[in-house]
Amino acid sequence: MYYNYTPPLSLHSSDTIKVTGQGSVTLSPDRALITLGVSTESTSLQDAQSENATVMNRVINSISNQNIPRNNIQTKDFRIHPQYDYIEGKQVFRGYRVTNMIEVTVDDITQVGQIVDLAVNEGANEVQNIQFTVANSDLHYENALKISVNNARDKARTIAEELGVSVSSVPRKIKEITTRTNQQPQPYVLGVSTESATTPIEPGQLEIKAVINATFDFN
């Protein structure tokens, strides 16, 4: 399929035609990246860290029990921040906040809602986003790139036919414009699930796009 935007086309004095080719591939995602974590607070840094570690271990174990390999669970961020209140214009120490965020790679996207619910039920109180992607994105991007090259060639031929000239089937120059992109992360509103209802997560469709500039000789 072709992307529906057609950019301006131009002729150059050096007997070349420069066009922009665009292509895209639409497919269903087969992988999800879930970013979630645990945030704890206490007036004692040691207590905040200890509580955080205890809860995070429960969260990780609950996820691992869903046949998620440990190497699919990666620490993304760990922070310790002192917390202050402002009372009558004065900064008053309140305690420490410890935050530990992990990224979970899920290859069975039907598990996403269940994994989020399990993590929340075990004490996760930070769910930043859920991003859907595909495992073999390079292959799909290459397919979109092939479509963009054919799109550029078709445009060059159309211009050449209108002008009554012949155009080379092989471009003199190709410049890749785009890089591969995935579906934007979806924000998650934190809540507590029940056994009778799993948080609904809809993966939708992914569109992988490729854009090139190509220059063809004509005579």
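None of the figures in this text is laboratory data; all of them are computed from the coordinates on show. Here the structure is a predicted model, which is why all the values come from computation and not from measurement.
Of all lysines in the structure, the ones whose alpha carbon falls short of 23 Å from that of Lys18, not counting any fewer than 8 places away in one chain, are Lys146, Lys155, Lys173, Lys175, Lys209. Net length available on complete extension from Glu88 to Asn143 is 13.5 nm, with 0.36 nm assigned per residue and the Cα-Cα distance removed.
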